[in-house]
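Readers should treat all values here as calculations from the given coordinates under stated rules, not as data from a laboratory. As the structure is a prediction and not an experimental result, all values here were calculated from the model. Note that each Cβ is placed from the backbone with ideal geometry, even for glycine, and that neighbours are counted across all protein chains shown.
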Amino acid sequence: AVEASIPQPLRETWRKLAAAEFTGKEQFQKEVVRHVETTLARSIYNCDDNAAYSGTALAIRDNLVIKWNKTQQHQTLQDQKRVYYLSLEFLMGRTLDNAMLNTGLKDTAREGVSELGFRIEDIIDQEHDAALGNGGLGRLAACFLDSLATLNYPAWGYGLRYRYGIFKQEIINGFQAEVPDYWLDFNPWEFPRHDVAIDIMFYGTVNPGPRDDRGNIKKVWEGGEIVQAIAYDVPIPGYGTACTNNLRLWSSKPSGGEFDFGKFNSGDYEGSIRDQQRAETISAVLYPNDNIDAGKELRLKQQYFWVAASLHDIVRRFKKSHRPWKEFPDQVAIQLNDTHPTLAIVELQRIFIDIENMPWDEAWSIVTRTFGYTNHTVLPEALEKWSVPLVQNLLPRHLQIIYDINLFFLQSVERKFPKDRDLLRRVSVVEEGTPQVLRMAYLAIIGSHKVNGVAELHSDLIKATIFKDFVDIFGTDKFTNVTNGITPRRWLHQANPKLSDLIASKVGGYDFLKDLTKLNVLEKFVGDKTFKKEWMEIKLAAKVKLAKYIKDTTQIAVNPHSLFDIQVKRIHEYKRQQMNIFGVIYRYLRLKEMTPEERKKQVPRTSIFGGKAAPGYWMAKTIIRLITAVGEVVNQDEEINGLLKVIFIEDYNVSKAEIIVPASDISEHISTAGTEASGTSNMKFVLNGGLIIGTCDGANIEITREIGEENIFLLGNLAEHVEDLRHQHRFGKDVVMDPKLREVCDAIEAGRFGPEQTYSGLIASLTIGFDYYLVSDDFSSYVATQDLVDEAYKDQDGWATKSITSVARMGFFSADRAINEYADEIWNVEPTKFPA
Ligand code: T68
């Protein structure tokens, strides 16, 4: 606000006193000690790793904040079009290491803390992950923020500041248990902005009000419950640039009048704070479902709370520029990360027509030019649908506007395709039924100017299946593809510094971290013996590190020279961890049959799993139990000692991924074809020199195209055959189960991995459940392909060639490329020019 700024004549005084970034080791150390002694009020007598972490983080943070303030002022002056990335999830992981690397301060910090008696790795390890996300969707948002800042785009993220992130997973007696993740005890990376407080209304009624300029009776939404949104800002530093963007997370609290003194004074203390707690509940917890829509009222409240606060903020910022409304889409691009923020479309239309008194059509044209919608799934159970009675009660005015949007849309469809009643039924935002439900993806399509999928196959599939009618209606230009990417800063440079250094020594420095296509220079060195040796030594060192982590956390010793076969991701039937563990059982049964001589010829393998199951997803929890049970049997079996180990890594998260990803020989991306929209960990593993065993699904297809078929182990049926196969399972006569899979099921049912009842549902899903994910159709191909993996691994030199060649060809999968595509084809924004 203008009143809050320092008067012109005094500004020179301020500028002379302005905080400056520290430079060099001594200044850094001084800042660390100052923070430990004053900010934390500790001393040389009680400075442990944790205090050293806090001091270091606060010192690094100071430099970050100075850059951040300057960036924000600079962007405001430039007054360019900005991007707003709306995501209910930002899976950031840890910040300190990333902040040091992006600002170029890591070496300074390493030396600095070492002279103070600490190891930088131990300090980094003190930090709690910021785990405000479930999986790929949330991590993609985090990678995109890194790229937006690195490429100097003026961009803000908007999300929710959950008090509890994704739960911590504990394995108790082989089963998953969930523990709340209270992560805010000490979070130096967020800045509360108590001055940015926005009132958000829920419930209430819509009543007729005065007439507007055009003589129409206005609709007034009033009398609802009010909750306040408080902004918490997080700086997002770009790599090797001054650009430091903002991530704004909203926290809910009761608005002024909530505390009921009446109740308090009459002795009802608990009653007096009940409403207060209700308000705080909105941002209390992240919903732990990945690719499942649960349809709970609190979730809808979260969505509206976050969307309304964000739009209020965006509109306020636009208004400060005093431009006419029609320029709104020239200043603002809003990207919807899945349908979770779809109400933003309705809210902006409401602001325009109800508050700013704009005619409907004018408002709607601005709205649709502002929004872009990214779809992340075709799974029917993940497509968001909200019950009409629920929306009617919580957001009565929004429901009216949704009905109007739908009416005008259906009228336009009717004009284009007269008399096609079934088409109108199919594309209506309102799905008939008891109750009626709102199809949020349809609303998102209607209210956006671009709709994109996240990998080529996925973008083709949404056009051909779930959104086919909309392609007919809007034309194919509205639909596009932006294949996902990952940030090479975190997923190579930070997670695997030795590999990053080796690459830099060959491709001419670290520029490849800003232009990942530069990796292709590596191909020149595939014939270089010493280089190859160093390459494989780095892989081995990463495996040794993971083996140590496994030993420390599970007490199980694994052989770093065995083939590390890794599948880490959310546990889901479509991702088919069950096929992986069935394959492990099959391998175990074969090993048991072998003579000692035959066993000597086998490639030792360590099968590593990790990932959380949604707390209510019973089948996923059964799969975890089977994995841990197989581990209990196999790991102790002296007969096959060393040839097979099965590990389940507890509580898989971003910081653990940074240890796991560099350590794979092979990683598994084996979803039923057509179900995994993209996948992004596939990219991370290959970028770190691991090979892939995978299906022709999601980004695996483009990875194959880039790195070459000879460098990937593909298996299974193609997406185009899935429908037929499912039909056969359901209606075909006497389909016999693949004999290899039958053998595995028999072993499970014989109780070799504990009571067979534990797994009866899982086995039933393959037989009487029609095997929806086609495990039986792909199993023999899977097993055969795993044999090819063993063969290939015996030729270590050939393996190294595949590994290096693959990395050299991974340039396409940088999130920088993805962000540039969004900027050019969807947002129409330019990078900010920074003064040198
Ligand atoms: C993932 N989706 C896709 N969803 O499964 C993955 N869902 O293929 C893709 O690579 C990734 O998005 C990025 O595009 C998710 O992660 C969720 O986490 C989610 C959360 C809430 C509700 C529904």
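Computed from the alpha carbon positions, the gyration tensor of the chain leads to an equivalent ellipsoid with semi-axes of 44, 36, 26 Å, biggest first. Beta bridges assigned by DSSP with both partners in the chain are antiparallel in approximately 45 percent of cases.
Annotation: amide H-H contacts under 5 Å for SER283 (H modelled 1.01 Å from N, sequence separation of 5 or more, or interchain): SER252.
How long are the three semi-axes of the equivalent ellipsoid for the range 729-836, computed from the Cα gyration tensor as the root of 5 times each eigenvalue, in whole Å, largest first? Don't skip to the end; give the middle numbers.
Working: eigenvalues 410, 119, 42 Å².
Largest first, the range 729-836 gives 45, 24, 14 Å.
When the square roots of the Cα gyration tensor eigenvalues are ordered a ≥ b ≥ c, the ratio a/c for the range 702-786 is 1.5 or more and a/b does not exceed b/c, which makes its shape oblate. With neighbours defined as other Cβ atoms within 10 Å of a residue's Cβ, the residues ASP212, ASP233 order from fewest to most as ASP212, ASP233. A P(r) calculated from all alpha carbon pairs of the range 75-219, with 10 Å bins opening at zero, reads 9, 24, 29, 21, 10, 5, 3, 0 percent. Straight-line cross-link partners of LYS253 among the aspartates and glutamates, defined as a Cα under 15 Å from its Cα and at least 8 positions apart when in the same chain: ASP195, ASP199, GLU225, ASP275, GLU280.
For LYS385, the lysines whose Cα falls under 20 Å of its own Cα, not counting residues fewer than eight places away in the same chain, are LYS296, LYS301, LYS463, LYS468. Annotation note: trypsin sites (Lys or Arg not before Pro) in the range 692-760 located in DSSP loop regions with a Cβ neighbour count of at most 14 within 10 Å are LYS733.
The alpha carbon centroids of the range 330-358 and the range 495-572 are separated by 44 Å.
Under Stokes-Einstein, with the Kirkwood radius over Cα pairs as Rh, the value for the range 635-788 at 4 °C and 1.567 mPa s is 74 µm²/s. Treating each Cα of the range 482-638 as an identical point scatterer and summing with the Debye formula, the log10 of I(q)/I(0) at q = 0.10 Å⁻¹ comes to -0.54.
Just to be sure I understand: if I project the alpha-carbon convex hull of the range 630-703 onto a plane and average over all orientations, what area do I get in nm²? Numbers along the way, then the final one.
Numbers: hull surface 24.2 nm².
Value for the range 630-703: 6.0 nm².
Between VAL437 and VAL388, GLU431, the built amide H atoms are under 5 Å apart, and every one of these is 5 or more places off in sequence or on another chain.
Sequence-ordered 3J(HN,Hα) estimates for the range 239-255 from the Karplus curve with 6.51, -1.76 and 1.60 and θ = phi - 60° stand at 8, x, 8, 6, 4, 10, 8, 10, 10, 9, 10, 9, 10, 9, 8, x, 7 Hz, glycine and proline given as x.
If you wrap the Cα atoms of the range 1-124 in a convex hull and average its projected area over all directions, you get 10.6 nm². Remark: C-alpha extents of the range 16-67 on the principal axes read 36, 18, 17 Å, sorted largest to smallest.
Run lengths n ≥ 4 of DSSP H only: what is the helix-derived mean residue ellipticity at 222 nm for the chain, with -39500 (n - 2.57) per run over all residues, to the nearest 500? Don't skip to the end; give the middle numbers.
Details: 33 runs with 380 residues, N = 836.
Computed ellipticity for the chain at 222 nm equals -14000 deg cm²/dmol.
Inverting the mean 1/r over all pairs of different Cα atoms, compute the Kirkwood radius of the range 134-248 and quote it in Å. Numbers along the way, then the final one.
Values: mean 1/r = 0.0546 Å⁻¹.
After inverting the mean inverse Cα-Cα distance, the result is 18.3 Å.
Both numbers refer to the Cα atoms of the range 678-722; Rg and Dmax are 10.2, 32 Å.
When a footprinting reagent is the concern and you count Cβ atoms within 10 Å, what order do ARG605, ARG590, ARG439 take, fewest first? Each step should come with its number before you reach the end.
Values: ARG605 26, ARG590 17, ARG439 21.
Taking fewest neighbouring Cβ atoms as first place, the list is ARG590, ARG439, ARG605.
Translational diffusion coefficient of the range 199-255 (Stokes-Einstein, Kirkwood radius from Cα pairs, 37 °C, 0.692 mPa s): 220 µm²/s.
For Cα pairs less than 8 Å apart in space and 6+ apart in sequence, what is the mean separation divided by the residue count of the chain, i.e. the relative contact order in percent?
Working: 1454 pairs, mean separation 108.5, N = 836.
After rounding, I find 13 percent.
Ordered by the number of other Cβ atoms lying within 10 Å of each residue's own Cβ, fewest first, ASP738, ASP778 fall into the sequence ASP738, ASP778. Around the amide H of SER814, modelled in the peptide plane, lie the amide H atoms of ILE486, all under 5 Å away and 5 or more residues distant in sequence or on another chain. Each of the peptides 5-18, 389-402 was scored by the mean count of other Cβ atoms within 10 Å over its residues; in descending order, highest first, they stand as 389-402, 5-18. The base-10 log of I(q)/I(0) for the range 241-314, evaluated at q = 0.12, 0.17, 0.18, 0.27 Å⁻¹, reads -0.50, -0.81, -0.86, -1.20 [Debye formula, identical scatterers on Cα atoms, solvent excluded]. Using the Karplus relation 6.51 cos²θ - 1.76 cosθ + 1.60 with θ = phi - 60°, the per-residue 3J(HN,Hα) values for the range 807-815 come to 4, 4, 9, 8, x, 4, 8, 6, 5 Hz, with x marking Gly and Pro.
Computed over neighbours whose Cβ is under 13 Å from that of ASP824, the net charge equals -1, Lys and Arg +1, Asp and Glu -1. Taking θ as phi - 60° and the Karplus parameters 6.51, -1.76 and 1.60, the scalar couplings of the range 18-26 work out to 3, 4, 10, 5, 6, 9, x, 5, 4 Hz in sequence order, x denoting glycine and proline.
Which whole-number percent of Cα pairs in the range 431-498 have a distance greater than 13 Å? Present the calculation step by step, with values, prior to reporting the outcome.
On the way: 1620 of 2278 pairs.
Value for the range 431-498 (Cα pairs over 13 Å): 71 percent.
What's the local net charge at SER459, with K and R +1, D and E -1, over the other residues with C-beta under 14 Å away?
Numbers: positive: LYS450, LYS463, LYS468, LYS478; negative: GLU456, ASP460, ASP477, GLU676, ASP697, GLU702, GLU821, GLU825.
Net local charge, SER459 excluded: -4.
Across the options LEU10, PRO755, VAL633, the greatest Cα extent toward the positive end of the charge dipole of the chain (unit charges at beta carbon of Lys, Arg, Asp, Glu) belongs to LEU10.
What share of Cα pairs, in percent, lie more than 16 angstrom apart in the range 105-168? Spell out each step's value before the answer.
On the way: 1289 of 2016 pairs.
Cα-Cα pairs of the range 105-168 separated by over 16 Å account for 64 percent.
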